[in-house]
Amino acid sequence: MINKVVAGADEAISDIKNGSTLMLGGFGLCGIPENCIAALVRKGVKELTCISNNAGVDDFGIGLMLQQHQVKKMISSYVGENAEFERQLLSGELEVELIPQGTLATRCMAAGYGMPAIFTPAGVGTEVAEGKETRNFNGKDYLMEYAFDADFALVKAWKGDTAGNLIFRSTSRNFNPVMAMAGKITIAEVEELVEPGVLDPDHIHTPGVYVHRIFQGANYEKRIEQRTVRPRN
Amino acid sequence: MINKVVAGADEAISDIKNGSTLMLGGFGLCGIPENCIAALVRKGVKELTCISNNAGVDDFGIGLMLQQHQVKKMISSYVGENAEFERQLLSGELEVELIPQGTLATRCMAAGYGMPAIFTPAGVGTEVAEGKETRNFNGKDYLMEYAFDADFALVKAWKGDTAGNLIFRSTSRNFNPVMAMAGKITIAEVEELVEPGVLDPDHIHTPGVYVHRIFQGANYEKRIEQRTVRPRN
Amino acid sequence: MLDKNGIAKRIAKEIKDGYYVNLGIGIPTLVANFIPEGINVVLQSENGLLGMGPFPFEGEEDADLINAGKQTITTLPGSSIFDSAMSFGMIRSQKIDLTILGAMEVSENGDIANWKIPGKMVKGMGGAMDLVASAKNIIVAMQHVNKAGESKLLPKCSLPLTGVSCIRKVVTELAVLDILPEGGFKLVERAPGVSVDYIRQATAGKLFADDNAPEMIID
Amino acid sequence: MLDKNGIAKRIAKEIKDGYYVNLGIGIPTLVANFIPEGINVVLQSENGLLGMGPFPFEGEEDADLINAGKQTITTLPGSSIFDSAMSFGMIRSQKIDLTILGAMEVSENGDIANWKIPGKMVKGMGGAMDLVASAKNIIVAMQHVNKAGESKLLPKCSLPLTGVSCIRKVVTELAVLDILPEGGFKLVERAPGVSVDYIRQATAGKLFADDNAPEMIID
C-alpha cells in the first residue's frame, strides 16, 4: 500500500497558499476538520475561497478563520448563527455565494466522478438560475451546474488507515466523502489512525486513492450547536 | 420502520410482465440475483429488455433466460462466454446494445440520483458517439448520456434487514448498489435477512428507501467463472 | 384558530403508512410528535439519515449525530446513514413521499418563497430549493397572515422564490387549502371556530370556498 | 524479440512508487508479476477493488472476490471495495496514475482499436472506452505485427476505434515506442537482438527512429 501519513495538521496544510480554494467537510459543526482549521489560523493564509455547507459559529469552525479575516469568499447553502460573518458581509469585506445544499453536494460529487457538469431542478425559476443554462428533459426543467474545482479538500473522518482509507461515524459523514473525492489535494484528519488491514474493505466509505495526506488529529472538541434532549420518563 | 419483506422470489417478481425493462446486478456471475432469475424462468415472461453488465454463461445467470428465449434486448458492456447468446444474436432473434461499462454504471447512478443525463468522455470519437450530443468542457469532449429508465431492478446483497437496508460483500457489490437506486421497483434478494437494528447504520451500502421488496434467497450456487489459484509454496 | 401544535397535528393526518417524510425546521419539526400510532413512517434528515429517532436522553447526546436543524437526535433500529450527495440524490429521484416545510409566502399557482427577504441578512436556502424542486408531495405549514395582518397566500409572491409551481397543499392556523392545478386556493377545511368569510378576508390569492366547507377534526 | 512475459517485464519498469495502476486483460495482467520489489503500487480492478492481491491459495477461492477478468483473487491489507459507479468515477477523475491495456491496432496519432472486428462476433468494450478516454497515462501492450505479418502500428486504424488520441506509449515484442504529440511513433528502445531496420519494416505508421536507439535492459 501507499503510505499517505503526514506528521500533523501543520505539515498537511503547509502548501495551502493565499488565494487557494478549499473545500471543508462538515454540516454545522458536525464532522468539521477542527485540526486543519486550527492550523490554517496558525499559518495565517488569507484570501481563501471556502466551499463549505456552513460557515461555523463566531468562535468555532470556519468562524475562527473569519475572525482572522482569512476568508475572501464563502460558497455555502446556509450561513446563519455567525455575527462576525454578518458584519464582514455587510461591510463588503466578505463575498458570499449561496447555493442549494443538494447542488453543493452534487457539484462536489461531479468533481470526484470526473463529470464536468450535472443537471438539477433545484433553483429553476429562482434567482439561483440567473445566468445558468436551463434545459428540459422529459417535460421538466433543470439547471446545468458545473463541477467544483478546489485546490484542497479538508475532511474529518472517524477512523483512517495509513493508506488513506476513511470511515466516517454517523451523521458526521455528511459532505466529507464527496469533498474527499473532489479535492485536487485531499487532506484527511482522523480520530484514530490505524495500520492497513485493520479496517474491513467493505466498510470503507472513502477509498485511499482519493486521499493524499492523512494524520491523526488531537483534542477534538466536537461542539454541539443545538443540544436537544428529552427527559428520562 | 417500513417492512419490505415478501415471501420469496416468485412473489417478488409477480408483477414483472412481458416487455418489462429490468436491471440485473452482478459482474460476470459474481453478485447476480440467482433466485430472481430462477423465478423469472419459472414465470416465463418474455420480450424482456435486460440492463446488465454481462449476459451470464450458457447455463447460468441471464443465460438461463436466454435459453428460454425470454430476452428481447440486452444492454451490456461485455457479452462473451455464451454460445446461445451468440446464436440468437446472429439469427437476429436478440438485439444487443453495447455501451461502455462506466457509462452503464453512471447511467444507473444518474437514475438513482434524479439526474436526467450525465457527461462522460467514454466513447467520444467512436461509433458509440453516433447520434449523441457531444459537448466540450474545458477543452475536452464529452458525450451526453441519459439516465436509464428501468421498470424493475433485481439485486443481490449479502445481508439485508426487513426495512430494506442492504450490505454487499466484497466485489459482489459491483453494479448492485447503483441499480438498486435506479429501479422504479427494486427487488433485493439477500443471503441473510435480519431484523432492523442488527445492521450498523454506518455499514449500510443501500438505504432501505431504495428497496421495495426484500427476501432471503436460497441455494446460492455462486458459480466461479475463472477459478485461478496459486500453489501453497 | 390553531396554534403551532394544532397545525402540526392536522398535517400529521396527511401522513400515510409506509411514507418516507422530510420535515423542515419550525412547525414541520413538531409534526413528528403527532404521527398516529400504528403507522410506520421513516423520517429523512437531509444531512444524511433515514430513520430519525427522538431527542436523546440527557447525557446521551452524541455530537456526531444531528439532524438538519443541527439538533442532537437518535437513530432507530433500521436507520441508515449516507453522505450529502446520496441524500439529495434520493430527494431528486423522488424516493421521499412527503415533504413538509414552512413558507413566508405561497402563491395561488403553487410558487413558494421562504428563504430571502431583500434588505435583510440572508442566511441561505439550505436544502429547501432542492426539496421543493423535486418532491412529489409537498405540504406547507405556515401562518395565514403576517404580523402586520397581511395575507401570505397571494396571487403572486412578492419575495424571491424558492420554487415554482410546486406546492399542492397549505395548512395554516385558519384552514387547510389545496392549490389547484389550474391555479387558485381551494378551501378544504376550516380550523375550529373559523368562518369561511374570515378565511376569505385573510386570503389575498384567488380562493375557491364552499360556504359549507367542513371544520377540521384534529384529535 | 520479446515473449509476452518480456513485454510485461519491460512495462513493469514504467511503474513508479506510489502509482495506482489499472491492468487490462492479457499481457497487462502479467505485469503484476514483475513489479519491482520495494515499490508501493496499488492495483485497481474496475469491478470495484483497490489493492488487488495475488490469486488465492487452492481451496481459498471466494466467489464474491474476483477481478475484472472474472478471476478469483485476494485483497491485501489496505484494500477497499466500492461500487461500479465509484470505480469509473475514480477512473474519469484521473485518480488512476497508469492504465496498461492491449490493442489490436494503434495509430500514429494515438488512436486505439481493441474491441470490435466487423463481421466477427463482438463481445463488447467492457471498461476499455472509459479507461482510454480518461486515463492520463496509458501504455499499450501488443504484438507489433499480426499473424499475417501486417503491422498493427498504423498511420490510421482500420478497425472501429476504442478511443481517440489517447495512447502515448506502446510496448511490443520488438520495441518501446512513444507516440509524439505532433503524431508519429518514436523508437525509444529496441528489443534485444532486434535491429532498427526490422522495426522500421514492421511499422506501417510514421516512425522516427535513431539508428543508435538503445537495446532495452529488462532484468
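Checking the conditions here, which among B:R169, B:R173 is at the interface with another protein chain (Cβ under 7 Å from one of its Cβ atoms), under 17 Å from B:M23 (Cα atoms) and either buried (at least 24 other Cβ atoms within 10 Å of the Cβ) or within 18 Å of the chain's Cα centre (by Cα) (or both)?
Step by step, each of B:R169, B:R173 is checked, and only B:R173 is at the interface with another protein chain (Cβ under 7 Å from one of its Cβ atoms), under 17 Å from B:M23 (Cα atoms) and either buried (at least 24 other Cβ atoms within 10 Å of the Cβ) or within 18 Å of the chain's Cα centre (by Cα) (or both).
Any idea which of (1) part of a loop (DSSP other than H, G, I, E, B); (2) in contact with a Cys (Cβ under 6 Å, 6 or more places away or on another chain) is the one B:L22 doesn't satisfy?
(1)
Answer yes or no as to whether A:I224 is out of contact with any Lys or Arg (no Cβ under 6 Å at 6 or more places or on another chain), at pLDDT 95 or above and surrounded by fewer than 24 Cβ atoms within 10 Å (Cβ to Cβ).
Judged against the criteria, A:I224 is a match.
Quick check, is B:V128 farther than 26 Å from A:I204 by Cβ and either assigned to a strand (DSSP E or B) or among the hydroxyl-bearing types (S, T, Y) (or both)?
So B:V128 does not fit the description; no.
With the checklist (1) more than 14 Å from chain D (Cβ to nearest Cβ); (2) aromatic (F, W, Y); (3) outside any helix (DSSP H, G or I) in hand, flag the one item A:F85 doesn't pass.
If we test A:F85 against (1) more than 14 Å from chain D (Cβ to nearest Cβ); (2) aromatic (F, W, Y); (3) outside any helix (DSSP H, G or I), just (3) comes out false.
Please go through the stretch C:128-142 and give me each residue that is surrounded by 20 or more Cβ atoms within 10 Å (Cβ to Cβ) and part of a loop (DSSP other than H, G, I, E, B), ordered by number.
Answer for the stretch C:128-142, where residues must be surrounded by 20 or more Cβ atoms within 10 Å (Cβ to Cβ) and part of a loop (DSSP other than H, G, I, E, B): C:A135, C:M142.
Provide a single number: the residues in the stretch B:88-122 that are over 18 Å from the mean Cα position of the chain (by Cα), more than 7 Å from every other protein chain (Cβ to nearest Cβ) and part of a loop (DSSP other than H, G, I, E, B).
4
Looking at B:V71, B:V57, B:V45, B:V128 in this structure, which one is among the hydrophobic types (A, V, I, L, M, F, W, C), more than 14 Å from chain C (Cβ to nearest Cβ) and in contact with a strand residue (DSSP E or B) (Cβ under 7 Å, 6 or more places away or on another chain)?
Details: B:V57 fails: in contact with a strand residue (DSSP E or B) (Cβ under 7 Å, 6 or more places away or on another chain); B:V45 fails: in contact with a strand residue (DSSP E or B) (Cβ under 7 Å, 6 or more places away or on another chain); B:V128 fails: in contact with a strand residue (DSSP E or B) (Cβ under 7 Å, 6 or more places away or on another chain).
Selected residue: B:V71, the only one of B:V71, B:V57, B:V45, B:V128 that is among the hydrophobic types (A, V, I, L, M, F, W, C), more than 14 Å from chain C (Cβ to nearest Cβ) and in contact with a strand residue (DSSP E or B) (Cβ under 7 Å, 6 or more places away or on another chain).
Let's see how each residue does on (1) aliphatic (A, V, I, L, M); (2) at pLDDT below 95:
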| residue | (1), (2) |
| --- | --- |
| A:S91 | no, yes |
| A:V96 | yes, no |
| A:T106 | no, no |
| A:Y113 | no, no |
| A:T126 | no, no |
| A:A129 | yes, no |
| A:T134 | no, no |
| A:L143 | yes, no |
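Go through the stretch C:8-35 and count every residue that is outside any loop (DSSP other than H, G, I, E, B) and touching a residue at least 60 places away in the same chain (Cβ under 8 Å).
Number satisfying all stated conditions: 11.
Give me a count of the residues in the stretch C:159-200 that are hydroxyl-bearing (S, T, Y) and either away from chain A (no Cβ under 14 Å) or assigned to a strand (DSSP E or B) (or both).
Just the residues of the stretch C:159-200 that are hydroxyl-bearing (S, T, Y), to begin with: C:162, C:165, C:172, C:195, C:198.
Filter once more, keeping what is either away from chain A (no Cβ under 14 Å) or assigned to a strand (DSSP E or B) (or both): C:172, C:195, C:198.
Here the count works out to 3.
Take C:M125 and tell me if it is within 23 Å of A:D141 (Cα to Cα), surrounded by 19 or more Cβ atoms within 10 Å (Cβ to Cβ) and within 14 Å of chain B (Cβ to nearest Cβ).
Here the answer is no, as C:M125 does not meet what is asked.
Going by the conditions given, is A:I16 surrounded by fewer than 24 Cβ atoms within 10 Å (Cβ to Cβ), part of a loop (DSSP other than H, G, I, E, B), in contact with a Phe, Trp or Tyr (Cβ under 9 Å, 6 or more places away or on another chain) and in contact (Cβ under 8 Å) with a residue 12 or more places away in the chain?
yes
Every residue in the stretch A:146-158 that is buried (at least 23 other Cβ atoms within 10 Å of the Cβ) and either more than 9 Å from every other protein chain (Cβ to nearest Cβ) or without any contact (Cβ under 8 Å) to a residue 12 or more places away in the chain (or both), please.
Correct list: A:A150, A:F152, A:A153, A:L154, A:V155, A:K156, A:A157.
From the set of residues in the stretch D:96-119 that are out of contact with any Pro (no Cβ under 9 Å at 6 or more places or on another chain) and over 24 Å from D:A202 (Cβ atoms), which is surrounded by the most Cβ atoms within 10 Å (Cβ to Cβ)?
If we take residues in the stretch D:96-119 being out of contact with any Pro (no Cβ under 9 Å at 6 or more places or on another chain) and over 24 Å from D:A202 (Cβ atoms), then D:I96 is surrounded by the most Cβ atoms within 10 Å (Cβ to Cβ).
Residues are listed down the side, and each one gets a yes or a no for (1) modelled with pLDDT of 95 or more; (2) facing another protein chain (nearest Cβ under 8 Å); (3) under 28 Å from D:L177 (Cβ atoms):
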site	(1), (2), (3)
D:N47	yes, yes, no
D:L76	yes, yes, no
D:D83	yes, yes, no
D:Q94	yes, yes, yes
D:T99	yes, no, yes
D:G102	yes, no, yes
D:E105	yes, no, yes
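The conditions are (1) more than 7 Å from every other protein chain (Cβ to nearest Cβ); (2) in contact (Cβ under 8 Å) with a residue 24 or more places away in the chain, and A:N136 fails exactly one of them. Which is it?
(2)
The values are calculated or read from the model by the stated rules, or taken from the named source; none is laboratory data. Note that this is a predicted model, so its numbers are computed, not measured. Cβ sites come from the backbone with ideal geometry, for glycine too, and all protein chains shown count toward neighbours.
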